[in-house]
Structures are given as C-alpha cells and as structure tokens.
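J.: Okay, here's the structure, questions in a sec.
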Amino acid sequence: MSEIGVLEPQGRPTRTAAFRCDAITKAFQGVHAVNGAGFDVPEGQITALIGPNGAGKTTVVNILSGAMTCDSGREFIGETEVTNWPSYRIARLGLFRTFQLSRELGGLTVLENLLVAPAHQAGDSLVNVLFRPGVIRREEREEAERALSVLDIYGLYRHRDTRARELSGGQKKLLEIARAVMASPKILLLDEPMAGVNPALIELIGGYILDLKQSGVTVLMVEHNLNVVEQICDYVIVLAEGRTLATGRLSELRENTEVVKAYLGEVIDAGPAH
C-alpha cells in the first residue's frame, strides 16, 4: 500500500493508505464535477474531505463507494484496484458509506433496519433454509442481540420497534451509522454526518466517530463544520473545482494561501475551536 506523508502524534511513523484514488474524473453533460482529484486516506484515522459547494466532494464519495462510476482514473482499497466496481463488491472488502440525506428503510422498524445490514447471513442460503433451520435461528438470535446492543450504544434502544420513517432527522443520522456498524466496516465514508442536527447531537455523533476510530475503523467524512474537523479529524483533504487543492492538518491548512483564497476564507482563517 502507498505511504502517507502525515506525521502521527508523538512522532510515530507514517501510516499506510487504507484506500486511495488517482486522477479521478467525472463529468455530467460536459461539466466536470471531479477533474483529476487524487488523494490517499490514512489507515486507522479520521480524515475530513472539505471544500466549497460544488467542489465535487459527494461525487467523489459516490465514486469511491461504487454508487457511481468515474470517467477516468483509478481507485484502490489497500493494494486491490477497485476502479468502477459496483458497490456490493466494494462492500465485500469492508467499505461502507452513509448518505447526506438519510436513506433509512422507512417501513421497517429501527431494529429491522440493523438486522438487514450483516452480509453472508445463513438465511441467504436455500440449503440452510431447507436443511439447517436451527443454524438460521441461532444466527438470528445472535444478530438480534448484537443489534440491540448497538442500538443501546447509539441511544436508539427505546425506538427499536418504531418505524424508521418516524425518527427525527438526527435520529436517522444515528440509525445510518448504527446500521453501518452492524456491517462490521473496515472503512466508513460519512457524507455530512453533522448536517441538519442540533449542537448536542453533533457532539454525540462526534464521540461515536471517535469510538469507531478507536475500534480500528478508517473514517473519511465530508464535513462543512470546521469546528468538528478541528476537534476530531487527524487529516484533511481540500477539494476545489474537482481537484485536490491541499492535504494536511487543519492547523497547517489555515496558513495555506491557496486554501484560504479558494475555500471560505473567513471561516478557514478563523482560530481553532475551543
């Protein structure tokens, strides 16, 4: 895997890339939403993907997760090239994502939303359905226990029997993250997880994302709230006009003239969050 030129705290060696993209392009009716973006995402860290509106952030996440194909360029998870793989194949390598607008399964309960997430369930096999029903029942009990535990962690346990469509916007954000956790991700892409939620919930979600890092999950998050980026992100990638403008720590990028000029200068030039 390629090397990341980012210093770890206390001067530890640089980490390898969990995934990367090289010279990615994507055009819609001749307009380039992504125009040569390329970056590495450090393994086991929380990386922010920031930039002005129209910079191509969500399009990049769609491409990386297999929801959209690129016109040119290459994508890698570890050493495996996954360029234009469909999302189900990418998910098999442990990469999952959430959406800017929550995509809960509204007609299912909160608990049922989590139970559909794990891959390779015994009940998917016709042989097991016909000849090993006991295996299916045992796995279903185990997954239900795990799902209830995850719902408890994410503050959704009391809503376990509620239809997902009835949750608040912030609760739907939590449900999406909890559902991704049920899939046992190695890499998680979060598209604006803090958008449209109140300050108390922002702090709560930030704590959950830090917990994911502690459990070994690599996180790439699209985020506009630079206070959140300052508080929880180890590394920042700045996109502008579909290209990678700069990478590094936010404290370093505040001093980068190109970044300040291209990206919300008065905001990024503000002092660190307290």
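Where a number appears in this text, it was derived from the coordinates with a stated rule and is not lab data. Note that this is a predicted model, so its numbers are computed, not measured. Cβ coordinates were reconstructed from backbone atoms using ideal geometry, including for glycine residues, and neighbour counts include every protein chain displayed.
J.: Using a Förster distance of 35 angstrom, determine the FRET efficiency expected from the C-beta separation of Glu81 and Ala246, and round it to 0.05.
T.: Details: r = 26 Å, r/R0 = 0.74.
For Glu81 and Ala246, the calculated efficiency is 0.85.
J.: How much net charge surrounds Glu81 when only the other residues with a Cβ under 11 Å from the Cβ of Glu81 are counted, with Lys and Arg +1 and Asp and Glu -1?
T.: Numbers: positive: Arg20, Arg74; negative: Asp22, Glu75, Glu79.
Spelling it out: positives minus negatives among the neighbours equals -1.
J.: Name all residues of the stretch 90-110 having a backbone nitrogen under 13 Å from the label point set 7 Å from the Cα of Arg163 along its Cα→Cβ direction, giving them as ranges.
T.: 105-110
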